[in-house]
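Every read-out reported here was derived from the displayed coordinates using simple, explicitly stated rules and does not represent laboratory data. A quick note: this is a predicted structure, and the numbers were derived from the prediction, not measured. Virtual Cβ from ideal backbone geometry, glycine too; neighbours counted across all protein chains shown.
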Amino acid sequence: MNRRHFLKGLLSVSCVALGSTSVLKPLTAMAGTLSEPKEDWLVTGSHWGAFRINRKNGVIDKVLPFDTDKYPSDMINGIRGLVYNNSRARYPMVRLDYLLKGWDSDTTKRGDFRFVRVTWDQALELFIDALNTVQTQYGPSGLHAGQTGWRAVGQMHSCTSHMQRAVAMHGNFIKKVGDYSTGAGQVIMPYVLGSTEVYAQGTSWSLILEHTDTIVLWSNDPYKNLQVGWNTETHESYFYLAELKKKVKEGKIKVISIDPVVSKTQNYLENVEHQYVNPQTDVPLMLGIAHEMVKQGWHDADFIQGYSLGFDEFLKYLQGQSDGVEKTPEWASKICGISPERIRELAKVMTTGRVQMMMGWCVQRQQHGEQPYWMAAVLATMIGQIGLPGGGISYGHHYSGIGIPASGAAMPGAFPRNLDEGVKPIFDNNDFKGYSSVIPVARWIDSILEPGKVIDANGNKVTLPDIKMMVFSGCNPWNHHQNRNRMKEAYHKLKCVVTIDTNWNAGSRFSDIVLPACTTLERNDLDIYGAYANRGILAMHKMVEPLYESLSDFEIFTRFARKLGKEKEYTRGMNELQWLEYLYNGCKQANNGQFDMPDFASFWKAGYYDFGPGKPWVRHQAFREDPEINPLGTPSGLIEIYSRKIASYNYDDCPGHPTWMEKVERSHGGPGSKKHPIWLQSCHPDKRLHSQMCESDEFRATYTVKDREPCYLNAKDAKKRGIKNGDIVRVFNDRGQLLAGAVISSNFPEGVIRIQEGAWYSPVGKDGAKAGGWEIGALDSYGDPNTLTLDIGTSKLAQACSAYTCLVDYEKYTGKVPEVSGFSGPIEVSV
Ligand SMILES: Nc1nc2c(c(=O)[nH]1)N[C@H]1C(S)=C(S)[C@@H](COP(=O)(O)OP(=O)(O)OC[C@H]3O[C@@H](n4cnc5c(=O)[nH]c(N)nc54)[C@H](O)[C@@H]3O)O[C@H]1N2
Ligand SMILES: Nc1nc2c(c(=O)[nH]1)N[C@H]1C(S)=C(S)[C@@H](COP(=O)(O)OP(=O)(O)OC[C@H]3O[C@@H](n4cnc5c(=O)[nH]c(N)nc54)[C@H](O)[C@@H]3O)O[C@H]1N2
Ligand SMILES: [Mo]
């Protein structure tokens, strides 16, 4: 049945707001305790760790950490709520006006949250209709189905792959390059150290514990961020952090944390030296340290000579010959807020004994985010310990268990993202009409707003495509992108937005067609245990049947492919369990001779196969041993302190060596701070994975303040504004406004607040109406920091996300407090 037929069958339009259709009992069973019997409980994996789960009367009852997980995250208490919550996507639904007018709907009202329930057949046909329209009227440059995100774990059901493979059977589309996590880092580091570094395995923790005298955590909070992993996280890192804590206590290892904020890691380790730095001013601090090292002759001239290129060129900048400004500690002090004496002391500490620098990622998610990464590599080169056990620099020890030795086993493959060879799309059209077919990940809103604009990106020219339709699965754009009000402007220009998700977060609510996916606990899968440790393979047993009318992503796109007449090409003729067996057997075969893996049935019953621990390893050791035989992947094979390649691009915002450049917005006396004096940091959440688990109602209630996302504040700043702990605050700038709950904390310095990313965007109308979310400037009733953030590229090099270049102000909220609008699904209407 096509759309026209379907619409004909509709009765006259009468909108009935059904309001929240919560049919859920309050959640009572949270995580159990380890002492309960658990052998007969089913095994599953998640970003938050592996679990054993039991059921009572067909309902998930208790969740326990898996047998091997000695350091489970407290987010285990949110797992059950991923399945049972008020925001659950229950039925296929279509936005009212889109259902009535399709491609010609009133897009300015997208976000009024009125949706109509339809059947799966109707929803999939509307989806395919829209794809037909975009391919016929615009061709592949009109369709962007390339955005990705943190999906759920599982090698078989990884949902973005299902969506992209199926949509590719229909026609081509725009894709992205890079990611929001390390957008600047992964582009700059190949020029400097020859690999992305951010996703590279790091020196093993055991060697760091053995050899390192001083660990410098730079913009890095591993204790918070290692709770989650890209694959099922083993949490073995926490064993090493516990050992580190002991060594710090005994005075055997010194840890310095260079961060505007006292981090969770610092509070856990205790006895850490906190080095406050003004936000976004790490480069001046690093330059001041480098200046002192050179002045005192503390730098390792031999290492610089033998392993790097371009130090002389950099020295001209450091000492002021090239720009007339000498980068002395006094100069640095005025910008970064650290005394010249302390900067000198840091130069001394960092050139004494074995020093491991550990960079976090936050510092590169800001304007010119390439620079602190490059400059940190220069400092590490000057220290001269790159390639030694427990020395040098790493860019990922806070991520997915990097630093746990890898088992060396081959890991299972995944359901394919691309078309199989020989399979042709229905619209076999590769004409992108002169537009680029691949764009930097964070530039899609620019693209919708300014199609045809030519931008620089990593030495290339990108012509932003004229996007008319978007399809999202496994990512939440209304979480990950910056500047909600600008997004609304862009969404007015989109003709159709399709979202496949497990719940009604803002990403779903700003869509036209929403297809309900079931969660990992409602399907069978298998996962890699330990993204970098590759410790084992974990079965992910189905706990309950898919709730309501939700389906697995595989089933959704099997039905979609069937409608295209391409089911076999999509599934390869295998069902869910056959795929799992196929992926498992591929892995078993690849490990043949090395590991004696059981057959699939035995594995599935046991729930887990353990490859055992790996051997300790040192990053860059081979390069250090012989830079000629083992060169880096840079053009010269050496560390490039000066990059001719980058210099040849002639970018004003990314010159040939690390450089300090002022930001468009910076607190503590920087640009824009007179009007909006407070720096907003939107760090990664302690009790969520981005926007995932925000839907877990009972768990969310353990940290919200008057139902709002917490906003962490400095006491003096709060007092100045008459704000007490637990008050509702309005945080604002010229881009937007939100409500959040005040949490006054001594971890936060003056001029800095934190609202964690992933808080669900919950706009309301002027009188607090839930249906007012579409308005530009609407008040966000829950506290999504991306209501306020700036949407610009880091530079012409990476064009990455700059969310941390953001100034705001805040006040006690005295208006009528609206109910939080974001957690009760759409406003269901019938036609
Ligand atoms: N201000 C600010 N913004 C940021 C950041 C920041 O630090 N500050 N960080 C950035 C970074 S580093 C990242 S990685 C991004 C993260 O941004 P995203 O990766 O977009 O965030 P997630 O919330 O993980 O989105 C995953 C989505 O997949 C859905 N999902 C989960 N399981 C399934 C499934 O089985 N099937 C389907 N179909 N869907 C499923 C979830 O419900 C959720 O909507 O955010 C970026 N944005
Ligand atoms: N619990 C949890 N863990 C996660 C995630 C999650 O959502 N939840 N997400 C995962 C993902 S996708 C990613 S990308 C990583 C993110 O990893 P990161 O980006 O490294 O993590 P953040 O915690 O946002 O920031 C780390 C620290 O940087 C500091 N910082 C911010 N700006 C500056 C600055 O200008 N200078 C200095 N010196 N320090 C600064 C912050 O105060 C914070 O303590 O985390 C991963 N781990
Ligand atoms: Mo990320």
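What to note about this one:
- When you filter the chymotrypsin sites (Phe, Trp or Tyr not before Pro) in the range 352-424 for DSSP loop state and at most 11 other Cβ atoms inside 10 Å of their Cβ, nothing is left.
- Summary of the geometry: the range 500-558 and the range 727-791, compared by the centres of their Cα atoms, lie 29 Å apart.
- Loop-resident sites, the range 786-831, for trypsin sites (Lys or Arg not before Pro), counting at most 14 other Cβ within 10 Å (DSSP): Lys816
- 28 Å Cα-Cα threshold exceeded, pairs from Lys488/Lys663; Lys468/Lys566; Lys254/Lys675; Lys176/Lys706; Lys316/Lys348; Lys70/Lys605: Lys254/Lys675; Lys176/Lys706
- Among 50-60, 757-767, the order from most to least packed when residues are scored by Cβ within 10 Å on average: 757-767, 50-60
- In the chain, the calculated helix contribution to ellipticity at 222 nm averages -7500 deg cm²/dmol per residue, counting -39,500 (n - 2.57) for every DSSP H run with n ≥ 4.
- Ranked Leu209, Leu790, criterion: other C-beta atoms within 10 Å, fewest first: Leu209, Leu790
- Long pairs among Lys453/Lys766; Lys249/Lys720; Lys175/Lys453; Lys674/Lys724; Lys109/Lys224, criterion Cα-Cα beyond 28 Å: Lys453/Lys766; Lys249/Lys720; Lys109/Lys224
- DSSP bridge orientation in the chain - percent antiparallel, rounded to nearest 5: 50
- Cα gyration tensor shape of the range 414-525, rounded if a/c is under 1.5, else prolate or oblate by comparing a/b with b/c: oblate
- Cross-link partners for Lys424 among the aspartates and glutamates, with Cα-Cα distance under 12 Å and sequence neighbours closer than 8 places in the same chain left out: Glu569.
- 37 °C / 0.692 mPa s Stokes-Einstein diffusion coefficient of the chain, Kirkwood radius on C-alpha pairs, µm²/s: 119
- Computed on the range 753-831, with alpha-carbon pairs under 8 angstrom and 6+ residues apart, the relative contact order is 30 percent.
- Cα centroid separation, the range 277-297 to the range 698-725: 35 Å.
- Histogram of C-alpha separations across the range 679-783, 10 Å bin width, %: 15, 46, 34, 5
- When only alpha carbons are used to place a centre, the range 589-619 and the range 207-248 end up 25 Å from one another.
- Placing one equal scatterer on every Cα of the range 258-329 and applying the Debye formula, the log10 ratio I(q)/I(0) at q = 0.16 Å⁻¹ is -0.73.
- Think of each Lys and Arg Cβ as +1 and each Asp and Glu Cβ as -1; about the Cα centre, that makes the dipole of the chain roughly 1740 debye.
- Three-way shape label, the range 616-734, alpha-carbon gyration tensor, a/c 1.5: oblate
- Cleavage-rule hits (GluC sites (Glu not before Pro)) in the range 592-684: DSSP loop, at most 14 neighbouring Cβ within 10 angstrom: Glu628, Glu662
- Relative contact order (%) - the chain, alpha-carbon pairs under 8 angstrom, separation at least six: 21
- The listed peptides 155-164, 424-433, ordered by packing as a protection proxy, come out as 155-164, 424-433 (highest mean of other Cβ atoms within 10 Å first).
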